[in-house]
Amino acid sequence: MDEMGEPIVSNGIALCKLHHAAFDSFMLGVRPDHVIEVRVDILKEEDGPLLLHGLQGLHHTRMILPASKDQWPSPDSLAWKHERFRAAAWKYDRFRAAT
């Protein structure tokens, strides 16, 4: 199993189905300081209240963390995933610019 995929508390965050899908598909990312970022193209999109409040409204907000720090996501795990979010966003921007 991949080191970053270990099924332990510090390697996970609790998300609803919508945000889990957005996180897995790199529409949103979480920085190691627990700040949420939404991909630029998603921020520019106009589609209605679900997009506006469900994703775009999260941009630059902080995660709500458990009271106990030992249940917080690991900064290293978040950094690992956030690097992939940034790389995916960069590739997506390059693809859109070419089309």
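Restricting attention to segment 1-30 and to residues that are in contact (Cβ under 8 Å) with a residue 40 or more places away in the chain and over 8 Å from the mean Cα position of the chain (by Cα), the residue that is farthest from Ser68 (Cα to Cα) turns out to be Met4. When the criteria are applied in full, Arg62 meets the requirement of being over 10 Å from the mean Cα position of the chain (by Cα), basic (Lys, Arg), closer than 23 Å to Ser10 by Cβ and at pLDDT 95 or above. Name the one entry in Val30, Val40 that is surrounded by 11 or more Cβ atoms within 10 Å (Cβ to Cβ), of a type in the set (A, V, I, L, M, F, W, C) and under 30 Å from Ile8 (Cβ atoms). One residue alone meets the criteria, Val30. The set of residues from segment 31-42 being touching a residue at least 40 places away in the same chain (Cβ under 8 Å) and within 22 Å of Lys17 (Cβ to Cβ) comprises His34, Glu37, Arg39, Asp41.
Restricting attention to segment 44-80, the residues that are assigned to a helix (DSSP H, G or I) and among the charged types (D, E, K, R) total 4. Do we have any residue at all in segment 89-98 that's surrounded by 17 or more Cβ atoms within 10 Å (Cβ to Cβ), modelled with pLDDT under 95 and not polar (S, T, N, Q)? Yes; the residues of segment 89-98 include at least one that is surrounded by 17 or more Cβ atoms within 10 Å (Cβ to Cβ), modelled with pLDDT under 95 and not polar (S, T, N, Q).
In segment 43-82, which residues are within 21 Å of Lys17 (Cα to Cα) and buried (at least 16 other Cβ atoms within 10 Å of the Cβ)? Selection gives Leu55, Gln56, Leu58, Met63, Trp72, Pro73, Ser77, Leu78, Lys81, His82.
A quick yes/no check of all residues on (1) closer than 13 Å to Lys81 by Cα; (2) in contact with a helix residue (DSSP H, G or I) (Cβ under 8 Å, 6 or more places away or on another chain):
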{"residue": "Pro7", "(1), (2)": "no, no"}
{"residue": "Ala14", "(1), (2)": "no, no"}
{"residue": "Lys17", "(1), (2)": "no, no"}
{"residue": "Phe26", "(1), (2)": "yes, yes"}
{"residue": "Ile36", "(1), (2)": "yes, yes"}
{"residue": "Val40", "(1), (2)": "no, yes"}
{"residue": "Leu43", "(1), (2)": "no, yes"}
{"residue": "Gly48", "(1), (2)": "no, no"}
{"residue": "Gly54", "(1), (2)": "no, yes"}
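The values are calculated or read from the model by the stated rules, or taken from the named source; none is laboratory data. Quick caveat: nothing in here was measured; it's all calculated off a predicted structure. Note that each Cβ is placed from the backbone with ideal geometry, even for glycine, and that neighbours are counted across all protein chains shown.
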